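The values are calculated or read from the model by the stated rules, or taken from the named source; none is laboratory data. Note that the structure is a prediction, hence the values are computed from the model and not measured. Note: ideal-geometry Cβ built from the backbone for every residue, glycine included; neighbour counts use all protein chains shown.
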Amino acid sequence: MTTGQSQPAIAVTGLRKSYGDHVVLDGIDLNVPQGTVFSLLGANGAGKTTTVKILSTLIGADGGEVRVAGHDVTREADAVRAAIGVTGQFSAVDNLLTGRENLLMMADLHHLARGDGRRRAAYLLDQFDLVDAAGKPVSTYSGGMRRRLDLAMTLVGSPRVIFLDEPTTGLDPRSRRAMWQIVRDLVATGVTIFLTTQYLEEADELADRIAVLDHGRLVAEGTADELKRRIPGSHIRLRFADSRGVDAAVRVLGQVSRDNDGLALRVPGDGSLRSLETLIGRLREHAIEVDELSVHTPDLDDVFLALTGNSDNQKVASR
């Protein structure tokens, strides 16, 4: 991935938005490097979709500075629109048209010459594995095919920044993974993806960096591994061949807990390589043989619930 570009794809400072007395965004800051996937997580109503709408010029902000693809979203809205693509939570395809006709319609909206539009449509149909269905009405498409076509339509104008607002909602696991590969392929070409999702596994799989939004405020940001290490519960599980190994490890390591397996111990750790190397060094120093070793860290479900609370209405679907 290309991350060394000096100018960020998205730069947000102090973004605020309210509806009456209800504060939706309360001064958030974002910096998204070019050619990366940035994922914004949050429960329903946290402000994810509002953020996407502001960044894509669909609605205005009440305060703050926002630049997308190097352009101010307020003063240079047309330039921003020319540089971005938006795929919403629900497909925006026309059911009465064929897949090819949907793409050609988008080519017309982007003012592509007829020949250029046909070539672009043919390329995208091939890229998204829709050639066989190109002449069929979209009403006959499966959910996964519709989402692929929806994203293909977003790409007709060759955007440099793409906003994907919960793009795999309602898809089966196979179709979701197919969309993930499409996202990876796009980023490999230098495209920047701003992803909002309720699937924590999706953010874990795709995102270079993740931000957690809670009641209009960013409560954490970092890589998936960095966020996981912030949450207590990381440990290293050691399993021994016999009880003598267990007893020796308890004497040497001290602060350990017994696992359900009588021959296993849990050693607290922060999930870092350094803590693992330290543990292995102590075991070797005392000639303690370990049959199995595994590192366990909290997953993004744990991170999300710890950062946003455990109420039922704030749980995010992870499966």
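Restricting to segment 184-200, count the residues that are among the aromatic types (Phe, Trp, Tyr) and either more than 15 Å from residue 164 (Cα to Cα) or at pLDDT below 95 (or both).
Number satisfying all stated conditions: 1.
Restricting to segment 67-125, what's the tally of residues that are within 24 Å of the chain's Cα centre (by Cα) and farther than 20 Å from residue 52 by Cβ?
Looking only at that region, the number is 1.
I need every pair where a residue in segment 216-233 that is within 29 Å of residue 22 (Cβ to Cβ) has its Cβ under 8 Å from the Cβ of a residue that is in a loop (DSSP other than H, G, I, E, B), sequence separation at least 6 or different chains.
From residues that are within 29 Å of residue 22 (Cβ to Cβ), the pairs are 216/46; 216/47; 220/230; 222/230.
Residue 119 fails exactly one of the following numbered conditions: (1) in contact (Cβ under 8 Å) with a residue 12 or more places away in the chain; (2) more than 28 Å from residue 10 (Cα to Cα). What is the number of that condition?
For residue 119, the failing item is (1).
Determine whether residue 86 is out of contact with any Pro (no Cβ under 8 Å at 6 or more places or on another chain), under 25 Å from residue 24 (Cα atoms) and not basic (Lys, Arg).
yes
Helices (runs of 4 or more DSSP H) wholly in segment 221-319 with at least 3 residues that are loosely packed, with under 15 Cβ neighbours inside 10 Å, modelled with pLDDT of 85 or more and not assigned by TED's automatic domain parsing to the domain that holds residue 197 - which ones?
Passing ranges, in order: 243-253, 273-285.
Can you name the residue in segment 139-198 that is of a type in the set (Val, Ile, Thr) and in a helix (DSSP H, G or I) and, of all such residues, is surrounded by the fewest Cβ atoms within 10 Å (Cβ to Cβ)?
Taking the candidates together, the pick is 140.
Give me a count of the residues in segment 77-97 that are crowded, with 19+ Cβ neighbours inside 10 Å and farther than 29 Å from residue 66 by Cβ.
So the answer is 0.
Regarding residue 157, is this residue at pLDDT below 90, in the same structural domain as residue 98 (by TED's automatic domain parsing) and not acidic (Asp, Glu)?
no
Using beta carbons and a limit of 6 Å, which pairs, at least six apart or on different chains, have the first residue in segment 274-289 and of a type in the set (S, T, N, Q) and the second one surrounded by 10 or more Cβ atoms within 10 Å (Cβ to Cβ)?
So the pair list comes out as 275/269.
Residues that are assigned by TED's automatic domain parsing to the domain that holds residue 140 and under 19 Å from residue 219 (Cβ atoms): which helices (runs of 4 or more DSSP H) entirely in segment 1-117 hold 2 or more of them?
Correct list: 48-55.
In segment 203-215, which residues are farther than 19 Å from residue 12 by Cβ, of a type in the set (D, E, K, R) and either outside any helix (DSSP H, G or I) or touching a residue at least 40 places away in the same chain (Cβ under 8 Å) (or both)?
204
For segment 46-65, how many residues are more than 14 Å from residue 84 (Cα to Cα), without any contact (Cβ under 8 Å) to a residue 60 or more places away in the chain, among the aliphatic types (A, V, I, L, M) and buried (at least 18 other Cβ atoms within 10 Å of the Cβ)?
The number of residues fulfilling the criteria is 1.
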